[in-house]
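Trainee: Below you will find the structure I want to go over with you.
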Amino acid sequence: MIYRESRFKRNGVPVAVQYLTMSLSGKHAEMSHQHYHDYTELLFGITGRPTVAIGNRRFELGEGEMIIIRNEEPHDVFSSEPCTYHVLKFLPQILLTEEQTYSEYSYVLMLLENLPSKELFFCKEELEKTEVPQLFSRIRREWEQQAFGYELSLRADVTRIFLFILRSWQNRDPAWAGSFVPAAQQRELISRAIEHVRQNYADLTEEETAAACGVSPAYLSRSFHRCMRISFSAYVNNLRLRESERLLLTTNNSITDIAQAVGFSTSAYFIAKFREAHGITPHRYRRQQEDGAAPSESEKKTT
């Protein structure tokens, strides 16, 4: 069973950015501390090759490599050999401000939304000629020394890493990234639609969402697909599946109860969509995580 990690407090105050240097002795090769939290998390390898489990996916994190763990995603890191790695956590909201342009807002949506086009793994060859390794070192120094204004330095360096990630995604798929920026009048519409879905995903329709946003279903459908590069129904299903993962791992509710709780019409349809997304049934997913069972070969994404 996994647990929800609360926001980190420094001097009694919750922080928007947290840094840790993690070291594993290699004595615990299997998952034992699965958790999730509000932070987006970046891992950067220093020594060894720990295994990073994100849901039912596995990645090996080597020296100079980076992995993104989105907020609210269950994850763990384990290794059979000693290893160390940087951990950078930040609330995605710190990248949003009241004075942002429409383009800036859409860039942050790329990070916030669980879109299928985005890669989570960045290899050493892609990173070593960039400023990313130095940024992690500077973030570590600022976090440890706590010089005057260090919070601003942390935020600035997180933004620099975020910019690298955006440009990397854009280089991998120029058409997708180029068409992500919404027209000015669509910013508020997409924001309102996403908020409505997040609050009502278990019981909503596209028609109801369109009415809540004051537009026609056809206009919402076209605008949503253009801005998010995913259909409205697929977005809702992704959100429901993501919530179902957490319920599978944090409750003992039956598959039928979970299917109903997240908004699927039948358990059979839920199982079919879950298998389509993860390659295994919800029951197997739950058992795999409870048993700490990992595949025989670690899954590693390459560019």
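Trainee: Restricting to the range 164-189, count the residues that are among the aliphatic types (A, V, I, L, M), at pLDDT 75 or above and farther than 27 Å from Cys123 by Cβ.
Mentor: 1
Trainee: Still on this structure, please answer the following. Give the residues of the range 272-296 that are in a helix (DSSP H, G or I), surrounded by 14 or more Cβ atoms within 10 Å (Cβ to Cβ) and at pLDDT below 85, sorted by residue number.
Mentor: Ala277, His278, Gln288, Gln289, Glu290, listed by residue number.
Trainee: So which of Leu24, Leu43 ends up being closer than 21 Å to Ala156 by Cβ, touching a strand residue (DSSP E or B) at 6+ places or on another chain (Cβ under 7 Å) and of a type outside the set (Val, Ile, Thr)? Give the steps one after another, and end with the answer.
Mentor: On the way: Leu24 fails: closer than 21 Å to Ala156 by Cβ.
That would be Leu43, the only listed residue that is closer than 21 Å to Ala156 by Cβ, touching a strand residue (DSSP E or B) at 6+ places or on another chain (Cβ under 7 Å) and of a type outside the set (Val, Ile, Thr).
Trainee: Here are some conditions: (1) acidic (Asp, Glu); (2) open to solvent by 20 Å² or more (accessible area, probe 1.4 Å); (3) touching a residue at least 60 places away in the same chain (Cβ under 8 Å). Glu65 meets all but one. Which one does it not meet?
Mentor: With respect to (1) acidic (Asp, Glu); (2) open to solvent by 20 Å² or more (accessible area, probe 1.4 Å); (3) touching a residue at least 60 places away in the same chain (Cβ under 8 Å), Glu65 is out only on (2).
Trainee: In the range 136-154, what residues are free of Cβ contacts under 8 Å to residues at least 12 places away in the same chain, of a type in the set (Ser, Thr, Tyr) and farther than 17 Å from Ile46 by Cβ?
Mentor: Tyr150
Trainee: Kindly provide the set of residues from the range 139-174 that are open to solvent by 20 Å² or more (accessible area, probe 1.4 Å), in a helix (DSSP H, G or I), of a type outside the set (D, E, K, R) and farther than 15 Å from Met66 by Cα, ordered by number.
Mentor: Trp143, Gln145, Tyr150, Leu152, Ser153, Ala156, Thr159, Gln170, Asn171, Pro174
For (1) among the aliphatic types (A, V, I, L, M); (2) open to solvent by 20 Å² or more (accessible area, probe 1.4 Å); (3) within 30 Å of Asn253 (Cα to Cα), each residue gets a yes or a no:
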site: Phe8; (1), (2), (3): no, yes, yes
site: Gln18; (1), (2), (3): no, no, no
site: Thr40; (1), (2), (3): no, no, yes
site: Ile46; (1), (2), (3): yes, yes, no
site: Arg57; (1), (2), (3): no, yes, yes
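Trainee: Can you name every residue in the range 241-271 that is surrounded by fewer than 21 Cβ atoms within 10 Å (Cβ to Cβ) and among the charged types (D, E, K, R)?
Mentor: Scanning the range 241-271 gives Arg242, Glu243, Arg246, Asp257.
The values are calculated or read from the model by the stated rules, or taken from the named source; none is laboratory data. Here the structure is a predicted model, which is why all the values come from computation and not from measurement. Cβ: placed from backbone, ideal geometry, glycine included. Neighbour counts: every protein chain shown. Surface areas here come from the heavy atoms of the whole protein model, side chains and all, with no ligands, DNA or RNA. Shrake-Rupley method; radii C 1.70, N 1.55, O 1.52, S 1.80 Å.
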